[in-house]
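What follows is one structure encoded as structure tokens, with my remarks underneath.
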Amino acid sequence: MKYDKSLLTDIHGSGPGQNTGAYSSKVLTLEDTLKINQRYMGGGMSQNYFAIPWFEYYLDVNRFEYIVEFGSQKGCLSTYFANFAGITERVFFDTFELYPEECWFNRPEEGCGHWFEKLANISPHINSFYIDVFEEEAISHVQGNIEQFKTFIFCDGGDKVKEFNNYAPLLKSGDCIAVHDWGHEIDTHNIQETLDSYNLEVDPLFAESASKTGTLIMPFRKV
Ligand SMILES: C[S@@+](CC[C@H](N)C(=O)[O-])C[C@H]1O[C@@H](n2cnc3c(N)ncnc32)[C@H](O)[C@@H]1O
């Protein structure tokens, strides 16, 4: 059987400024893979490559039943979580994005939203919300699910400090929360009061793994 050639397009990743052909004339090094902002599965993600194995082992150890990502952006990381939820069927996954037209649905900029929505259509474990994470609708949706599921929140939206300080208090014992861009957009002093008031502590082993692999992820757990 011959495939329909008209189904092939060159829209994806065609935008200016994409890292196309980056290694056509130089060697890919370990140092290159440590950098944030990579392409994976053809989609863009604001993570380094080590974020993926880091999450794989973190999710394996913690066995969450509900994962929430604040800030989907291009959506490659969201698609990783979605596939994890769809493959394992042991966890629900929500991602929140306030400006989906900018990156998520932007095929020339390597957005993954078109594919994520197909996954969400075939799996009851996967969902995307195009709303502000600080809106009542988002808070009550996440809070309702925290109440019944062992939860992991990944703060990677536009205001990580506010995300942490607003959502960490909603967690119950055994739940976890992590932030991205640790040391750049958020640090201990921004969240110390919340850590103390709500009995949250750094997850020491995974924090060290995240740091050694340059992910800029900092994980916390509710005691
Ligand atoms: C750093 S990017 C997310 C990167 C993504 N998690 C990844 O790993 O590739 C932050 C995203 O958060 C979105 N955002 C900013 N403020 C938001 C809000 N209040 N609610 C939902 N999304 C927001 C931005 O539009 C942007 O796409």
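Here are the criteria: (1) under 30 Å from LEU171 (Cα atoms); (2) surrounded by 11 or more Cβ atoms within 10 Å (Cβ to Cβ); (3) not hydroxyl-bearing (Ser, Thr, Tyr). Tell me which single one ASP60 does not satisfy.
(2)
Can you tell me which residues in the stretch 76-88 are over 13 Å from LEU119 (Cα atoms) and surrounded by fewer than 24 Cβ atoms within 10 Å (Cβ to Cβ)?
Result: THR88, single match.
Output yes when any residue across the stretch 117-130 is within 15 Å of the ligand (Cβ to nearest atom), part of a strand (DSSP E or B) and hydroxyl-bearing (Ser, Thr, Tyr), and no when none is. Give the steps one after another, and end with the answer.
First, pick out the residues of the stretch 117-130 that are within 15 Å of the ligand (Cβ to nearest atom): 127-130.
Cutting the leftovers down to part of a strand (DSSP E or B) gives us 127-129.
Filter once more, keeping what is hydroxyl-bearing (Ser, Thr, Tyr): 128.
Yes, the conditions are met somewhere in the stretch 117-130.
Looking at (1) of a type in the set (S, T, N, Q); (2) within 11 Å of the ligand (Cβ to nearest atom); (3) assigned to a strand (DSSP E or B); (4) surrounded by fewer than 21 Cβ atoms within 10 Å (Cβ to Cβ), which is the only condition THR95 fails?
The number of the failed condition is (4).
Report yes if VAL133 is in contact (Cβ under 8 Å) with a residue 24 or more places away in the chain, more than 20 Å from ASP187 (Cβ to Cβ), in contact with a strand residue (DSSP E or B) (Cβ under 6 Å, 6 or more places away or on another chain) and assigned to a helix (DSSP H, G or I), otherwise no. Don't jump to the end; show me each part of the working.
Details: in contact (Cβ under 8 Å) with a residue 24 or more places away in the chain: yes; more than 20 Å from ASP187 (Cβ to Cβ): yes; in contact with a strand residue (DSSP E or B) (Cβ under 6 Å, 6 or more places away or on another chain): yes; assigned to a helix (DSSP H, G or I): no.
The answer is no for VAL133.
The rows are residues; the columns are (1) within 11 Å of the ligand (Cβ to nearest atom); (2) over 13 Å from the mean Cα position of the chain (by Cα); (3) β-branched (Val, Ile, Thr).
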{"position": "GLY42", "(1), (2), (3)": "no, yes, no"}
{"position": "PHE55", "(1), (2), (3)": "yes, no, no"}
{"position": "LYS74", "(1), (2), (3)": "yes, no, no"}
{"position": "GLU101", "(1), (2), (3)": "yes, yes, no"}
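A short reminder: the numbers here are calculations on the coordinates, not readings from a lab. All of these numbers come straight from a predicted model, not from anything done at the bench. When we count neighbours, we look across all protein chains shown, and the Cβ atoms used for this are built from the backbone with ideal geometry, even at glycine.
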